[in-house]
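Here is the structure we will look at, set down as structure tokens.
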Amino acid sequence: MCGIVGFTGRHEAAPILLEGLSKLEYRGYDSAGIAVRKGDTPVRIVKAKGRLKGLYEKTDSGKAMEGTCGIGHTRWATHGEPSENNAHPHCSDDMNVVAVHNGIIENYQELRDKLSRKGYTFYSQTDTEIVTKLVDYYYKKYNIGPIDAIAKTMVRVRGSYALAIMFKDYPGHIWVARKDSPMVIGVTDGECYVASDVPAMLSYTRNVYYIDNLEMADLGNGEVHFYNLDGDEVKKELTEITWDAEAAEKGGFEHFMMKEIHEQPKAIRDTFNSVVKDGRIDLSSVGLTDDIIKDISQVIIVACGSAYHTGMVDQYVMEEFARIPVRVELASEFRYRNPILNPNDLVVIVSQSGETADSLAALREAKAQGIRTLGIVNVVGSSIAREADNVFYTLAGPEIAVATTKAYSTQLICGYLLALQFAYVRGTMDEERYLSLIAEVASIPEKIEKIIEDKERLQFIAARLANSQDVFFIGRGIDYAISMEGSLKMKEISYIHSEAYAAGELKHGTISLIEDGTIVISVATQDDLYEKTKSNMVEVKSRGAFIVGITHYGNFEIENTANYSIYVPKLDTHFMASLAVVPLQLLGYYVSIGRGLDVDKPRNLAKSVTVE
Ligand code: G6P
């Protein structure tokens, strides 16, 4: 969360910083600020509470701030309420040090007390102001250069950070440091960029350096120098980003979420084609050989949010196909419960960003126990991608809307292909079924296209939902996993209270909440469980519920029970999540629009949760 940017070069910095921040607004948007410096004149800082628009207005789109070197920040509040005072950049009292920060400093109170004893005063409630002043303190106390002052600070603070810092004595330079918070650095044509995420600099460069944990860098004069904690210079390789700038733009759609829903067929095809050759799965790019697959005794899938929901689907599919025990766990729980892992287990971390703090910590916990780890990750070069033993990339391209759609869909595809390959290699599935199920997966994009073509129909039911207080999603088996995702999509962007229940659990409490007109969305795509789920639909209907049924074409009988029916094309039931989720994404979208909300940037949320 929080987005940071920096630029130093020949061009005016402020417009570049503002544009970069606009690409990072998905990371946080309760306030924003920039600091810009012209030559060796004093740094100017401008901040605004609320969306970036306010900062654009205050700086006349950057024109009011002259200078070719600067840093900027868009905030998702952790320490201190969203306010102009707490917005970044922060500075030492004499403006000797100015900084922006993404992350959390855990021992901020102790450091604040220490600095107070040394005569520092504080104007904000943020941990960032404390780090900024700590750098200033070491810089002056030991009369050392920026790298040594930052290194001393890094040794003293606990927590996570990506920092971009300007020093009064070094015009034209930006210094950065990183631990457990993402940061990329770009260099092109004698100019340097730094940002929390690639889209912020895509329109300028695709050549980036990834700075590692506990490293620092000095950007200036068109060059970047990297240093380790000892202050020794380290060499880095440039990486070329293959996403194009257009992929991170709205491309004619009103919102990123709708654009990304439409991109699902392509994202799925790309991900599928990356490991399927001539109709067979080849996981050599992932590094999972047949011998490795045969030796695995258990699979533990660890993730957060929607990625966790794909893990729920994977559990059903992989256990069914490969007859291997699969556990799925929330990363925030897994990391703190001293999990029992066996040497032949495989821990799979699913993450779009590859930076989610809990998922990253879970990965490290598994690695510390010597367990093989596999990352299913979208962002190339992210921390999880770099630290996992094996990586299966989802080729969804940049996902900007906070509510995930195409990353979720591609994560499902990775799960299906892993399950099929495990089953085939371990001898629980014969060749004929293996090949025919791969062909089924190949048919998903086209079927999603059909659902999307028909999207306008959903607006009718979305209008009914827009006025509800509560929505319940029910389903069994994979339909339960789909319900979890459908419910999350609804609540996160429409702010309507929604819950997902395993349909069989309803009668153990939740059914008492059903009254006249309560909306229940019943996901009923699993043929073997259909009759059971239908009984649950009848139970809630007889208590007054208004039922929206989702099933596949052919199951028209659902109309006897459901008040409104949504049909998706037929597909092998194991893969139905890929189809049933699409109308649920669209429903969430239309309900949010109907309520006049900001679909792409729902309140209180951030796309990449890099703090606990
Ligand atoms: C946030 C996002 C969700 C995402 C979750 C996990 O909550 O809003 O869409 O599923 O983080 O993120 P990750 O990047 O690890 O997939």
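The values are calculated or read from the model by the stated rules, or taken from the named source; none is laboratory data. Predicted, not measured: the structure shown is a model, and the values here were computed from it. Every residue, glycine as well, gets a Cβ built from its backbone with ideal geometry; the counts of neighbours run over all protein chains shown.
Go through region 210-239 and report how many residues are within 16 Å of H173 (Cβ to Cβ), outside any loop (DSSP other than H, G, I, E, B) and touching a residue at least 12 places away in the same chain (Cβ under 8 Å).
Residues that pass the stated criteria total 9.
For region 297-330, enumerate the residues that are among the aliphatic types (A, V, I, L, M) and under 16 Å from M576 (Cβ atoms).
Residues satisfying the conditions are M312, V313, V317, M318.
Confirm whether T205 is crowded, with 18+ Cβ neighbours inside 10 Å and either farther than 30 Å from A439 by Cα or out of contact with any Ser or Thr (no Cβ under 6 Å at 6 or more places or on another chain) (or both).
yes
Please give the number of the condition A407 fails out of (1) under 22 Å from S353 (Cβ atoms); (2) not assigned by TED's automatic domain parsing to the domain that holds I349.
Among (1) under 22 Å from S353 (Cβ atoms); (2) not assigned by TED's automatic domain parsing to the domain that holds I349, the lone unmet condition for A407 is (2).
The rows are residues; the columns are (1) within 16 Å of the ligand (Cβ to nearest atom); (2) in the same structural domain as S353 (by TED's automatic domain parsing); (3) in a helix (DSSP H, G or I).
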| residue | (1), (2), (3) |
| --- | --- |
| D291 | no, yes, yes |
| K294 | no, yes, yes |
| V299 | no, yes, no |
| Y308 | yes, yes, yes |
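If only one of P339, P343 is under 18 Å from N390 (Cα atoms), more than 13 Å from the ligand (Cβ to nearest atom), not in a helix (DSSP H, G or I) and not hydrophobic (A, V, I, L, M, F, W, C), which one is it?
Answer to the selection: P343.
Hey, any hits in region 399-414 for a residue that's over 17 Å from V275 (Cβ atoms), in contact with an Asp or Glu (Cβ under 7 Å, 6 or more places away or on another chain), within 14 Å of the ligand (Cβ to nearest atom) and of a type in the set (D, E)?
Yes, because at least one residue in region 399-414 is over 17 Å from V275 (Cβ atoms), in contact with an Asp or Glu (Cβ under 7 Å, 6 or more places away or on another chain), within 14 Å of the ligand (Cβ to nearest atom) and of a type in the set (D, E).
Could we say that G172 is in a strand (DSSP E or B) and under 22 Å from K236 (Cβ atoms) here?
Against the criterion (in a strand (DSSP E or B) and under 22 Å from K236 (Cβ atoms)), G172 does not qualify.
Can you tell me which condition A503 does not meet? The list is (1) in contact with a Gly (Cβ under 7 Å, 6 or more places away or on another chain); (2) among the small types (G, A, S); (3) modelled with pLDDT of 95 or more, and all the others hold.
Tallying (1) in contact with a Gly (Cβ under 7 Å, 6 or more places away or on another chain); (2) among the small types (G, A, S); (3) modelled with pLDDT of 95 or more, A503 fails exactly one: (3).
Report whether or not G375 is within 13 Å of the ligand (Cβ to nearest atom) and not in a loop (DSSP other than H, G, I, E, B).
Answer is yes for this residue.
Quick grid of which residues meet (1) more than 28 Å from E365 (Cβ to Cβ); (2) at pLDDT below 95:
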site: E387; (1), (2): no, yes
site: T410; (1), (2): no, no
site: L417; (1), (2): no, no
site: G427; (1), (2): yes, no
site: L435; (1), (2): yes, no
site: D470; (1), (2): yes, yes
site: I482; (1), (2): yes, no
site: G486; (1), (2): yes, no
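Does any residue in region 308-333 that is free of Cβ contacts under 8 Å to residues at least 60 places away in the same chain and of a type in the set (G, A, S) come within less than 6 Å, Cβ to Cβ, of a residue that is within 16 Å of the ligand (Cβ to nearest atom) and not in a strand (DSSP E or B) six or more places away or on a different chain, and which pairs are these?
Qualifying pairs under 6 Å: A331/C304; A331/D358; A331/S359; A331/A362.
Yes or no: region 14-25 includes at least one residue that is in contact (Cβ under 8 Å) with a residue 40 or more places away in the chain and β-branched (V, I, T).
yes
Specify the residue that is modelled with the lowest pLDDT; the eligible residues are those in region 79-101 that are part of a loop (DSSP other than H, G, I, E, B) and crowded, with 21+ Cβ neighbours inside 10 Å.
Once the filter is applied, the top-ranked residue is N86.
So which of S353, S359, S274, S332 ends up being away from the ligand (no atom under 15 Å from the Cβ), at negative phi and not in a strand (DSSP E or B)?
On inspection, the qualifying residue turns out to be S274.
So the check is Cβ under 6 Å with 6+ separation or different chains; which pairs have a first residue in region 186-202 that's touching a residue at least 60 places away in the same chain (Cβ under 8 Å) and a second one that's surrounded by 24 or more Cβ atoms within 10 Å (Cβ to Cβ) and aromatic (F, W, Y)?
Correct list of pairs: Y193/F7; M201/Y193.
Report those helices (runs of 4 or more DSSP H) wholly inside region 380-464 carrying at least 1 residues which are polar (S, T, N, Q) and more than 28 Å from the chain's Cα centre (by Cα).
431-442
Which residue, of Y590, Y564, is more than 16 Å from the ligand (Cβ to nearest atom) and farther than 22 Å from I261 by Cα?
When all the criteria are applied, what remains is Y564.
Please specify each residue of region 175-185 satisfying the condition of being under 25 Å from the mean Cα position of the chain (by Cα) and either free of Cβ contacts under 8 Å to residues at least 24 places away in the same chain or part of a strand (DSSP E or B) (or both).
V176, A177, R178, K179, D180, V184, I185
Have a look at Y501, Y480 and point out the one that is assigned by TED's automatic domain parsing to the domain that holds Y564, surrounded by 20 or more Cβ atoms within 10 Å (Cβ to Cβ), assigned to a helix (DSSP H, G or I) and more than 16 Å from the ligand (Cβ to nearest atom).
Testing whether each residue is assigned by TED's automatic domain parsing to the domain that holds Y564, surrounded by 20 or more Cβ atoms within 10 Å (Cβ to Cβ), assigned to a helix (DSSP H, G or I) and more than 16 Å from the ligand (Cβ to nearest atom) leaves just Y480.
Would you tally the residues in region 378-390 being within 13 Å of the ligand (Cβ to nearest atom) and under 15 Å from S196 (Cβ atoms)?
3
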